[in-house]
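Asks: Below are the structure tokens for one structure; questions will follow.
Bear in mind that the values in this text are calculations on the coordinates, not laboratory data. Here the structure is a predicted model, which is why all the values come from computation and not from measurement. Note: ideal-geometry Cβ built from the backbone for every residue, glycine included; neighbour counts use all protein chains shown.
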Amino acid sequence: MRVACIQLSSVRDVERNLAAVKRLLTDAVSDGANLALLPENFTCMGGSEAEKRTVAECEECSAILNFLAEQAAHLGIAIVGGSLLLKSDGGKIRNACPVFDAKGNLLTIYDKIHLFDMDYQGGELSGVSLDRAR
């Protein structure tokens, strides 16, 4: 098995991020990968709580989940979808990690429940410059 760990600098523009993911998945398959791992927040990074709520989709009608299913089936690669925002009952937002097989079937969605925030000073964490750690 060949695994591609995909990294990208996500921005607030979901369509732009998905275009980059499509290109990177295609490159991974060209390099022989049959499993791709996408990063956290690959669909959208940053923004206020209100902006995040506008990006969140319901699971049943998610264009992002459909996009991942289509890419998995078209490219013949299993995909672990890092994390994306999905709506849940009661107006809450789920930080969800979907997993697709190489036929585009959604196998599972893991909801990450142990979320955390981090504050740092001076741009350093444990002696590693955050600018160089990207």
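Asks: Residues being farther than 19 Å from ALA4 by Cβ and more than 12 Å from the chain's Cα centre (by Cα): count how many of those fall in the range 60-84.
Replies: Qualifying residue count, the range 60-84: 5.
Asks: Residue under question is LYS87, and the condition is that it be farther than 17 Å from GLN7 by Cβ, of a type in the set (D, E, K, R), without any contact (Cβ under 8 Å) to a residue 60 or more places away in the chain and in contact with a helix residue (DSSP H, G or I) (Cβ under 8 Å, 6 or more places away or on another chain); does it hold? Steps first, answer last, please.
Replies: Values: farther than 17 Å from GLN7 by Cβ: yes; of a type in the set (D, E, K, R): yes; without any contact (Cβ under 8 Å) to a residue 60 or more places away in the chain: yes; in contact with a helix residue (DSSP H, G or I) (Cβ under 8 Å, 6 or more places away or on another chain): yes.
Answer is yes for this residue.
Asks: Read through the list (1) crowded, with 21+ Cβ neighbours inside 10 Å; (2) touching a helix residue (DSSP H, G or I) at 6+ places or on another chain (Cβ under 6 Å); (3) under 23 Å from ALA102 (Cα atoms), then give the number of the only condition that VAL29 fails.
Replies: Unmet condition: (1).
Asks: Having 3 or more residues that are in contact with a Leu (Cβ under 8 Å, 6 or more places away or on another chain) is the bar; report the strands (runs of 3 or more DSSP E) wholly within the range 15-102 that clear it.
Replies: Per the criteria, 78-80, 93-100.
Asks: Which residues, counting only those in the range 23-59, are charged (D, E, K, R) and over 12 Å from the mean Cα position of the chain (by Cα)? Before you say what the answer is, go through the steps one by one.
Replies: First, the residues of the range 23-59 that are charged (D, E, K, R): 23, 27, 31, 40, 49, 51-53, 57, 59.
ARG23, ASP27, ASP31, GLU49, GLU51, LYS52, ARG53, GLU57, GLU59 - these are the residues of the range 23-59 that are charged (D, E, K, R) and over 12 Å from the mean Cα position of the chain (by Cα).
Asks: Out of the residues in the range 95-108 that are without any contact (Cβ under 8 Å) to a residue 24 or more places away in the chain and not aliphatic (A, V, I, L, M), state the one that is farthest from SER30 (Cα to Cα).
Replies: Selected residue: ASN95.
Asks: If you don't mind, there's one more thing I want to ask. Would you confirm whether any residue within the range 50-73 is surrounded by 13 or more Cβ atoms within 10 Å (Cβ to Cβ) and touching a Cys at 6+ places or on another chain (Cβ under 6 Å)?
Replies: The answer is yes; a qualifying residue exists.
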